[in-house]
Amino acid sequence: MEIRDRILQEALALFFQKGIKSVSMDDVAARLGVSKKTIYKWFANKDEVVFEGMQQYIKGMEGTCSQALASTSNALEAMFQIVEMVRGLMRQMHPSIFYDLQKYHPTSWGLWQEHKNNFFLKQTKEHIQRGIKEKLFREDIDVEILARLRLAEVELGFDSETYPATRFDLQKVQIALLEHFMLGLATLKGHRLINQHKQITEED
């Protein structure tokens, strides 16, 4: 792996582990076992490392998401795949990531906003429409409104005022919001599939 790619990979790992603000270029250099001068040979500053690291991460996440959704047999199975993806993502993501991006790295925050308002929104709308066609999601729902609600829920799960990390497991928060959203979309047939997947038995 080229040194430039290694810098991005290791920097991103540190950002996810400790938060972006808490990681210095000295920390990245120490993790790589190189001098800080080596890092600045490839990147002008930390902001550039954050931007390119997030760019790579978002691109990879979009590919993984598209592949997961395309390989599922129905919309609810796709939702369950997303739940597992979120579970894995939250295990490695520091709760301050979104706050740090927004406050200290606005250009990189713009990358997330672009991803959210284009790729994520489009995928979410297509997913809901698929579920409606499969009669797993209700026909009376407003796809545009609920797709945008889902986008807002993701960021809400990282809001430190609503869900402070000292009181909440942020992985549980994101999973709970996603499952609540899924149940709100589901028809009776959809609810049965959800209960079956979660091994829940409910009385009629």
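All of the numbers you see were taken from the coordinates with simple rules; none came from a lab. Please read these numbers as outputs of a predicted model, since none were measured by experiment. A quick note on method: Cβ atoms are made from the backbone with ideal geometry, for glycine too, and the neighbour counts reach across all protein chains shown.
Tabulated values for the structure
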{"item": "Cβ-placed point charges (K, R +1; D, E -1), dipole of segment 37-188 about Cα centre in debye, nearest 20", "result": "340 debye"}
{"item": "Cα-centre dipole for segment 7-68 with unit charges at Cβ (Lys and Arg positive, Asp and Glu negative), debye to 20", "result": "180 debye"}
{"item": "Label point 7 Å beyond Cα of E2 along Cβ direction - residues of segment 40-67 with amide nitrogen under 15 Å", "result": "41-44, 52-53, 56"}
{"item": "Interchain or long-range residues, amide H under 5 Å from F137's placed H", "result": "I132, T187"}
{"item": "Calculated from backbone phi, Karplus (6.51, -1.76, 1.60) coupling profile of segment 2-14 in Hz, x at Gly/Pro", "result": "5, 4, 4, 5, 5, 4, 4, 4, 6, 5, 4, 4, 5"}
{"item": "Unit charges at the beta carbon, dipole of the chain: most positive-side option, F15, A75, A147", "result": "F15"}
{"item": "Amide H contacts under 5 Å for F168, placed H, 5+ residues apart", "result": "none"}
{"item": "Net charge, M90 excluded, C-beta distance under 10 Å - Lys, Arg +1, Asp, Glu -1", "result": "+2"}
{"item": "Charge sum, other residues only, whose C-beta stays under 13 Å from E48's C-beta, Lys/Arg counted +1 and Asp/Glu -1", "result": "+1"}
{"item": "³J(HN,Hα) computed for each position of segment 29-44 - Karplus, 6.51 cos²θ - 1.76 cosθ + 1.60, integer Hz, glycine/proline x", "result": "4, 5, 5, 7, x, 10, 7, 4, 4, 5, 5, 6, 5, 9, 10, 5"}
{"item": "Normalised per residue, the volume of the convex hull around the Cα set of segment 49-204 (Å³)", "result": "123 Å³"}
{"item": "Cβ-derived FRET efficiency at R0 25 Å, K122 paired with Q56, nearest 0.05", "result": "0.75"}
{"item": "Euclidean distance between Cα centres, segment 33-50 to segment 147-204, Å", "result": "39 Å"}
{"item": "Residue-averaged 222 nm ellipticity for the chain, from DSSP H runs of 4+ at -39500 (n - 2.57), nearest 500", "result": "-22500 deg cm²/dmol"}
{"item": "Phi to ³J(HN,Hα) by Karplus 6.51 cos²θ - 1.76 cosθ + 1.60 over segment 73-86, Hz, x for Gly, Pro", "result": "7, 7, 5, 6, 4, 4, 4, 5, 4, 5, 4, 5, 4, 5"}
{"item": "Overall form of segment 121-204 per C-alpha gyration tensor (a/c, 1.5; a/b vs b/c)", "result": "oblate"}
